[in-house]
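The values are calculated or read from the model by the stated rules, or taken from the named source; none is laboratory data. All of these numbers come straight from a predicted model, not from anything done at the bench. FYI the Cβ positions are ideal-geometry reconstructions off the backbone, even for glycines, and counts take in every protein chain you see.
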Amino acid sequence: MTWLPYLSYISVLVLVVGIFAKVIKYLRMPIHLRWELYPIPHEKKDGSYFEEVDWWKKPRKKHYLNQIIFMAQEILFIRALYHHNRKMWYASFPFHFGLYLVIGWLALLVGGALLKIFWVASGLAETLLAVAVVVGVTGMILGIIGCVGLLIIRATSSDLHGYTAPVDYFNILFIFAVLGSGIIAWVSADPRFSIVQEYIRRLITFSAATTTSKTIAWHIALFSLFLIYLPFTHMTHFFMKYFMWDKVRFEDEPNFRGSDMEGKIAKALTYTQNWSAPHIQTGKKWSETASKGVE
Amino acid sequence: MKKNKLTLKDMSTASGQLVELKQEEFMKLPNPYDTPEAQPPLKSLSDEVREKFECDLDGFMAIKIIRPKSREEEERLVNKFLDGLRKLLSKENNWTFFMPLMLSLEYCAKCQTCSDACPIYVSSGKNEVYRPTFRSEALRSIVDKYIRKKGSLYLKMTGNEIELNWKMVARLAELAYRCTLCRRCAQTCPIGVDNGLITHELRKLFSQELGIAPEEIHAKGSVQHLQKGSSTGMIKQAFADTLEFLEDDIEEKIGRRITMPIDKKGAEILLIHNAGEYLSWPENPSAFAIIFDAAGVDYTLSSEIVGYDAVNYGLWYDDFQLARVALKHAQIAKDLGVKKIVVGECGHAHKAISVIADRILIGDLNIPRESCIPILEDIVVNEKIKLDPRKNNFPVTLHDPCNMVRLMGIVEPQRRILRKIAPRFREMEPHGVENYCCGGGSGFAIMPSLNFPDWRSGVSARMKFKQILDAFQDVIDPSIKKMVCAPCSNCKGAIRDLLAYYNAWEKTGIAYTGLVEFIVNAMVDVKEPYIEWPEF
């Protein structure tokens, strides 16, 4: 299976480039009008600075810790689903939390491999490996339970069935296959995940990474293919949440005269628009169209 | 008519009216509206109207789109729709909402968590066509197939195989006006997708590219506002006459004359009211005049065209109309040399000038803007005027205007005022940032044509009516007079029509008013009751 490490390298490359490209795409988008939605956790409870007379004269207090706590609850425990869609949460929470643990498992394996590379005969590496077994297996089992739950809910709920496309089932089944193959590999070939870690160590050091176990090879192959697939799907919402929440929903930064923001707005106002309804003078700069009025 | 469960494909394939609303399926209302006989029937459109206009969505009509006369005309309009969609997805044409729109189009997990948050979907008995994701999914499908030109395998896998034709476009146009943009759905989304935004953008596409918008919002709304001075049609001279009338009226009510300052250069505040108040609820701007006079607030009104009407209907459907009105407001404030603009009791005007226009007004047009609510709180809570809460000794509940509360975060000051001056104040549930829309949001309150008001009071405002009734269940007897406080002109309009539609004053003794009316009613110096109750 000499192709396996190449697949692994490609998967990491595609994942990194894919994520990078998406982030860059959004970072390069022009400033947009405010579209915040309350409650905003860095503001006071439920309210905003608009509750105060002469708010612009007062120092802004942003409670960053509240926002971090809010987002941690949202990401780790799928808070919104818990409050507004409990039935789905019973499947979605183990699914997502399982995936987080699998990411943690991978991090522990990589960490252990790095220790072995740079710190020979480390007892810490062995400890990390032992923790990785608990974290990884728990994550995979939770993820599998979540996959099964999501499949059942999507297939049987009258609310969801009509809006679940083949690709949605495919995505869940794909993750199910990745996690399931991981459990099979653990049970049948690699109870301490030492073989997988060795594979990772060899990948990092550009040694001849391979494995003689077909079950492990299948798991690595499926995992790699999933990493290649991931950036092209809406599943990247796990990091795009930064834009959706921080840059839109919680974005209540006011525009002050002479600020950097004002500069960005001034630039956006120079864009040429070509909307063609009769009340819009097509082909003019945005600012000219807005200041001219209806003719 | 579609008999089985509606699918997106039906938008382009089903003939005739897509869905028919059945009142027996609507969300149940509490006592005394818990029987079928208590529900006013929904009016149908006449055959003449059906023949002339596109009304094949649900049998109601918000926009009067004349049916195309030929296949060629239909194709031209479909192509124009696609042109508009391309512009919506380009940063130069749509920098204003490009990032939020792209995010909401690309990351929906279709979990339907948003559905139960939508008062229209729930009130209608969960009619599929009103599901918040229904129109969003339709738009996503069109984008994938006709703009991004994805292959057939991709479309099959993503379920985006719908056909775009005139039926679909006309139904989407109407469907864009079956959401009040309250954004309650977005509040519940675990990812951050905003179906309200997608609706907003769809409305923009129709207005900015095809010139399609409800005439009350565009031709008789923002265009009239910019050309004549007010969306009400009130011209400059009429405004001056109205103020004179208000001053006479105030004198009659409180026994002394108050002059309402106009075009006072260098005043601290430019106060702008929704001009609808002057015509429909003159007691509201009068109450502001009485309170500001008593508290010694240095303010002025403007008699410049646009300057005496705070509304900004562009917020709901057209970025250019929004910017034009906002720029005009700012220019007037600059010319007067005021220190800040304060918006009266009008929710959408609050949001338009304070939040949305914040990233349009630059340089010396970036004049500080704030809500009237904190100033009123300062006056009431810090006892800058003498108040006697016993004068408001009747049950009161508070409606939270979405634009002011969920979309601006002004939650507590109005409550602190009411707690101070209305001893029998009680909350609706849910309230604050989780409130329900009055049902008249995003322009619905000012769209009285054909049978749309029936849809508004019967469906989109149904949840609000339920909340109001629930809040007063312990005092529901019509002999006990009670009041809904709605500190927003459009909400008041929707609630006025809602209460009339259900004959609520006679059946339950529920009336409505704004916030400042409560304050003046509690003023020690105002001897006669300021709040006027309807007559039986």
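Take residue B:443 and decide whether it is of a type in the set (Gly, Ala, Ser) and not in a loop (DSSP other than H, G, I, E, B). Taking the combined requirement at face value, the residue satisfies it. Within the range A:165-177, one or more residues are assigned to a helix (DSSP H, G or I) and away from chain B (no Cβ under 14 Å).
Only one of the listed residues (A:32, A:42) is surrounded by 15 or more Cβ atoms within 10 Å (Cβ to Cβ) and more than 7 Å from every other protein chain (Cβ to nearest Cβ). That residue is A:42.
The criterion of at least 1 residues that are surrounded by fewer than 24 Cβ atoms within 10 Å (Cβ to Cβ), in contact with a strand residue (DSSP E or B) (Cβ under 8 Å, 6 or more places away or on another chain) and away from chain A (no Cβ under 14 Å) is met, among strands (runs of 3 or more DSSP E) falling completely within the range B:321-438, by B:396-398. Screening residue B:191 on (1) part of a loop (DSSP other than H, G, I, E, B); (2) more than 8 Å from chain A (Cβ to nearest Cβ) shows it passes everything except condition (2). Find the residue count for the range B:90-130, including only residues that are away from chain A (no Cβ under 12 Å) and of a type outside the set (Phe, Trp, Tyr). So the answer is 8.
Of all residues in the range B:522-530, one or more are in contact with a strand residue (DSSP E or B) (Cβ under 9 Å, 6 or more places away or on another chain) and over 16 Å from residue B:396 (Cα atoms).
For the residues B:149, B:145, the requirement of being more than 13 Å from chain A (Cβ to nearest Cβ) and either in contact (Cβ under 8 Å) with a residue 24 or more places away in the chain or assigned to a helix (DSSP H, G or I) (or both) singles out B:145. Quick check: anything in the range B:303-312 surrounded by fewer than 24 Cβ atoms within 10 Å (Cβ to Cβ), within 19 Å of residue B:408 (Cα to Cα) and touching a helix residue (DSSP H, G or I) at 6+ places or on another chain (Cβ under 7 Å)? The answer is no; no qualifying residue exists. State whether the residues of the range B:448-455 include one that is buried (at least 23 other Cβ atoms within 10 Å of the Cβ) and modelled with pLDDT of 95 or more. The answer is yes, given that some residue of the range B:448-455 is buried (at least 23 other Cβ atoms within 10 Å of the Cβ) and modelled with pLDDT of 95 or more. Any idea which residue in the range A:254-278 is nearest to residue B:320 (Cα to Cα), counting only those that are more than 7 Å from every other protein chain (Cβ to nearest Cβ) and touching a residue at least 12 places away in the same chain (Cβ under 8 Å)? Ranking the candidates gives A:269 first.
Of the residues B:243, B:226, the single one that is within 14 Å of chain A (Cβ to nearest Cβ), of a type in the set (A, V, I, L, M, F, W, C) and surrounded by fewer than 24 Cβ atoms within 10 Å (Cβ to Cβ) is B:226. The residue that is surrounded by the most Cβ atoms within 10 Å (Cβ to Cβ), among those in the range A:70-92 that are over 19 Å from residue A:239 (Cβ atoms) and in contact (Cβ under 8 Å) with a residue 12 or more places away in the chain, is A:88. Can you name every residue in the range B:207-238 that is within 22 Å of residue B:81 (Cβ to Cβ), assigned to a loop (DSSP other than H, G, I, E, B) and within 20 Å of the chain's Cα centre (by Cα)? Those that are within 22 Å of residue B:81 (Cβ to Cβ), assigned to a loop (DSSP other than H, G, I, E, B) and within 20 Å of the chain's Cα centre (by Cα): B:212, B:213, B:214, B:215, B:217. Note on the range B:5-38: residues that are more than 29 Å from the chain's Cα centre (by Cα) and under 19 Å from residue B:451 (Cβ atoms) total 1.
Kindly indicate whether residue B:181 is within 13 Å of chain A (Cβ to nearest Cβ) and within 16 Å of the chain's Cα centre (by Cα). Criteria met by residue B:181. Across the range B:239-290, the qualifying residues are those that are assigned to a loop (DSSP other than H, G, I, E, B), free of Cβ contacts under 8 Å to residues at least 60 places away in the same chain and not polar (S, T, N, Q), and the one among them that is farthest from residue B:342 (Cα to Cα) is B:256. Residues that are β-branched (Val, Ile, Thr) and either in a helix (DSSP H, G or I) or within 10 Å of residue B:12 (Cα to Cα) (or both) within the range B:165-188 comprise B:169, B:188, listed in sequence order. The single residue among B:73, B:51, B:92, B:37 that is without any contact (Cβ under 8 Å) to a residue 12 or more places away in the chain, part of a helix (DSSP H, G or I) and more than 25 Å from residue B:463 (Cβ to Cβ) turns out to be B:73.
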